[in-house]
Amino acid sequence: MVETLSQAIAAALLTADPRAKAMRTRALVRDWRAGRLVFAFDTPMPDAPARPEKPELLPPNRMPKRGRGGSDRARVALWHALAHIEFVAIDLALDMAGRFGAQMGESFVSDFLGVAADEAMHFALIERHLAGMGAAYGDLPAHGGLWEAAEKTAHDVAARLAIVPMVLEARGLDVTPATLERVRAAGDARGARILQRILDDEIRHVRFGATHFADVATQQGESVDSLWISLVQQHFRGAVKPPFNDSARQAAGLSLKACHALASMVKPRLGESHETAGGSDQLQ
Ligand SMILES: [Fe+2]
Ligand SMILES: [Fe+2]
């Protein structure tokens with residue numbers, strides 16, 4: 001029996017083991033590209049993806065401090081946090097394609113399954129890098145809040161695009177160059193190459209988000225910038241804050257005017273800081 005797209009995506013979301021999820025995701029994207037999956041949505045997406053027993057997920061404000069020093073411990077903590085971000089990014093891209101694909105069409109699905117394959121590759125590269133340090137994904141606790149954005153925007157593709165690629169992945173564009181420089185300065189050339197590849201791919205991910213968001217806004221007869229600003233205000237409780245990587249954001253098709261407008265809007269604190277080590281409002 002030929003599998004449908006939604007069956008294959010739901011199965012990958014419900015795979016808990018990190019390596020198995022990454023492999024399954026890459027296999028499903030190969031199957032989609034080779035025409036082996038039917039464009040049909042007969043299976044609902046799970047409310048939440050399956051998670052492995054480890055890492056332990058902690059609220060952002062309970063994450064241990066990662067430190068900035070060049071110690072082995074700090075290095076492992078950095079790469080572990082990045083591995084977790086990529087692991088959740090696989091699920092976010094799969095859910096985007098599986099939840100909204102019927103409504104948005106085949107090119108949307110192809111774009112976001114391509115993102116899922118990239119995230120699976122990023123995860124695999126980082127996991128190998130961690131292994132070179134004698135560590136593995138799951139050794140440390142990880143940020144438990146990264147799926148929250150998906151839950152809050154499960155009802156509306158415009159809201160999902162406005163937050164996940166256009167705020168969270170865009171934040172990755174801002175912070176990755178400085179991380180890359182620190183990694184390079186510490187003599188980790190391989191790590192620097194991995195981060196450069198991630199940065200290049202993430203510009204494309206944000207661009208997919210911005211492009212499909214602009215299409216949705218236009219169909220709704222709304223201004224792209226004002227719809228983005230209003231959806232971020234409604235559904236994102238963190239702050240969109242500078243300094244921005246203007247050139248990367250521009251290359252990704254984001255409106256700098258809207259980015260700066262969002263940054264100037266002061267958010268009320270809702271009792272939980274996203275400014276903690278081990279993950280902030282960043283996704284990549
Ligand atoms: Fe990524
Ligand atoms: Fe990404």
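Laboratory data are not the source of any read-out in this text; all were calculated from the coordinates shown. Just so it is clear, the structure is predicted and the values come from calculations on it, not from any experiment. Quick reminder, even Gly has a Cβ in these numbers, built from the backbone with ideal geometry, and neighbours come from all protein chains shown.
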I want the local charge near A48. Using Cβ-Cβ distances under 13 Å, sum +1 for each Lys or Arg and -1 for each Asp or Glu among the other residues. -2
Under a straight-distance cross-link criterion of Cα-Cα below 17 Å, which lysines are reachable from K54, leaving out those fewer than 8 residues away in the same chain? K21
Show log10 I(q)/I(0) for region 147-276 at q = 0.09, 0.16, 0.19, 0.20 Å⁻¹, two decimals, from a solvent-free Debye sum over equal Cα scatterers. -0.27, -0.82, -1.08, -1.17
Mind checking which lysines have their C-alpha under 27 Å from K241, skipping anything on the same chain fewer than 8 residues away? K65, K152, K257, K267
Quick one: check the C-alpha center-to-center distance for region 192-261 versus region 56-89, whole angstrom. 25 Å
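Determine, for each peptide in 19-28, 181-190, the mean count of other beta carbons within 10 angstrom over its residues, then list the peptides with the highest first.
Numbers: 19-28: 19.5, 181-190: 13.9.
In descending order of packing, they fall as 19-28, 181-190.
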Just rank W79, W147, fewest to most, by other beta-carbon atoms within 10 angstrom. W147, W79
Translational diffusion of the chain, µm² s⁻¹ [Kirkwood Rh, Cα pairs; Stokes-Einstein; 25 °C; 0.890 mPa s]: 129 µm²/s
